[in-house]
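Trainee: One structure, pasted below without further comment.
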Amino acid sequence: MRLLVRPQHETLKNGVAVVHEVTSENSPLRYVAFKVIDVDLGATYTETLGKQECCIVVLTGTVNVIVGDDCFESIGTRKTVFEKRPTDSVYVSNDQDFVVEAIEKSRVALCYAPSERQKPTRLIKASDNEIELRGILNNQRLVHNILPDSSPIANSLLVVEVFTGSGNWSSYPPHKHDRDNLPTESLLEETYYHEMSPTQGFVFQRVYTDDLEIDETMTVHHGDVVIVPKGYHPVGVPDGYTSYYLNVMAGPTRIWKFYNDPEHEWILERQSNEDGQE
Ligand SMILES: O=C(O)C[C@@H](O)[C@H](O)C(=O)CO
């Protein structure tokens, strides 16, 4: 199964390039689809949604987003994701058209999930992101919740940004969400869009199931996407580098209820002192 996707740079039209396009046609995913586009100053990207909702995340740069009569001007907050401040996003419901117009060179993520029932278009401002520090010891990470399951904005989509510092692990201890078995576990597919600082860095991501039918350990570079159709999916960051990833999740029920690998759950029982060290 092809779980690691390298970035491409396919020109769609003058000033617009597609860096990633993960769909149900080219991946094992049924619920999540994902695109990354680069849009040059003054260029526009237009899309008509079918039975999918979309969260437009301005990874870097500044854009206008037009959805019907709504125009969200000058959104986007950072030159690089490693400024570690939240960014602006726009939620667009199914069967709508949208336009992204760049006011400076911008990289934009388009996160999709199935949706039949129309919801209002919403600007999700950077200041609306819930910021969370998770973990202790070498399991610390910073999370920006763009569309958590507590948000009523979307029908199926969940979107989150995660920063993991040098020598730390995230999505760890390994957890999975691949059984539609609530309240114990929810079924959510997931994509990871990765960036590294500095850009020559790499991280390791393992995707594995209990029966090891899937057991892949990938060397992930700046700009790669990892697809998680099922299984546990921890990320390890080498010393000296910082990792960023954007997660998109969706499934039959919009609840993030994960199940930790019982072999490694003991990690959570450790204590730390005030410095976060053992
Ligand atoms: O807490 C983390 O380290 C991030 C992960 O939870 C990540 O968003 C994910 O795997 C979601 O299932």
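The values are calculated or read from the model by the stated rules, or taken from the named source; none is laboratory data. None of the values given here were measured: they were computed from a predicted structure. Note that we place each Cβ from the backbone using ideal geometry, even for glycine, and neighbour counts take in every protein chain shown. Protein only, heavy atoms only, side chains kept; ligands, DNA and RNA dropped before computing areas. Shrake-Rupley method; radii C 1.70, N 1.55, O 1.52, S 1.80 Å.
Trainee: Quote the accessible area belonging to Arg141 in square angstrom, nearest 10, computed with a 1.4 Å probe and with ligands, DNA and RNA left uncounted.
Mentor: 40
Trainee: If you take the alpha carbon radius of gyration of region 187-268 and divide it by 2.2 N^0.38 Å, what ratio comes out, to two decimals?
Mentor: 1.15
Trainee: Please give me the summed charge of the neighbours of Arg78: other residues whose Cβ is under 15 Å from its Cβ, Lys and Arg +1, Asp and Glu -1.
Mentor: Its environment carries a net charge of +1.
Trainee: Karplus couplings for region 135-146 from phi (6.51 cos²θ - 1.76 cosθ + 1.60, θ = phi - 60°), rounded to Hz, Gly and Pro as x?
Mentor: x, 10, 6, 8, 10, 8, 8, 10, 10, 10, 8, 8
Trainee: Oh, and also: Anything over 30 Å Cα to Cα? Flag those among Lys119/Lys257; Lys51/Lys176; Lys51/Lys125; Lys35/Lys176; Lys79/Lys257, in the order listed.
Mentor: Lys79/Lys257, as the Cα separations exceed 30 Å there.
Trainee: Determine ³J(HN,Hα), in whole Hz, for all residues of region 212-229 in sequence, where each value follows from phi through the Karplus function 6.51 cos²θ - 1.76 cosθ + 1.60 and θ = phi - 60°; x replaces Gly and Pro.
Mentor: So the Karplus estimates, Gly and Pro as x, are 6, 4, 10, 8, 10, 10, 10, 8, 10, 9, 3, x, 6, 10, 10, 9, 10, x Hz.
Trainee: State the Kirkwood hydrodynamic radius of region 134-228 in Å, one decimal place, computed from all pairs of distinct Cα atoms.
Mentor: With all distinct Cα pairs of region 134-228 included, I get 15.0 Å.
Trainee: When the Kirkwood hydrodynamic radius is evaluated over all pairs of different C-alpha atoms of region 81-135, what value in angstrom, to one decimal, is obtained?
Mentor: 13.7
Trainee: Compute the label zone of Thr217 within region 226-258: residues whose backbone N is under 12 Å from the point 7 Å along Cα-to-Cβ.
Mentor: 236
Trainee: Please build a GNM for the chain, connecting alpha carbons under 10 Å apart, and tell me which residue among Glu47, Glu21, Glu189 fluctuates the most.
Mentor: Highest fluctuation of the listed residues: Glu47.
Trainee: With springs connecting C-alpha atoms under 10 Å apart, model the chain as a Gaussian network and identify which of His144, His221, His264 has the largest mean-square fluctuation.
Mentor: Sorting by GNM fluctuation, first place goes to His264.
Trainee: Skip the ligands, DNA and RNA, and give the accessible area per residue of the chain with a 1.4 Å probe, whole Å².
Mentor: Roughly 44 Å² per residue, with all protein chains present.
Trainee: Percent of Cα-Cα pairs per 5 Å bin, from 0 to the last occupied bin, for the chain, please list those.
Mentor: Distribution as computed: 1, 6, 12, 17, 20, 18, 13, 8, 3, 2, 0 percent.
Trainee: Using 7 Å Cα-to-Cβ label points, what is the Thr48/Glu116 separation (nm, one decimal)?
Mentor: Simple spin-label model gives 2.2 nm for this pair.
Trainee: Further question on the same structure: Between region 137-200 and region 204-278, what is the C-alpha centre distance in whole Å?
Mentor: 8
Trainee: Using amide H atoms built 1.01 Å from N in the peptide plane, name the residues 5+ places from Thr62, or on other chains, whose amide H lies under 5 Å from its own.
Mentor: Here the answer is Ile103, Glu104, since their amide H atoms fall under 5 Å of that of Thr62.
Trainee: Quick check of the Kirkwood formula: for region 1-154, what is the inverse mean of 1/r over all pairs of different Cα atoms, in Å?
Mentor: Numbers: mean 1/r = 0.0614 Å⁻¹.
About 16.3 Å, per the Kirkwood formula over Cα pairs.
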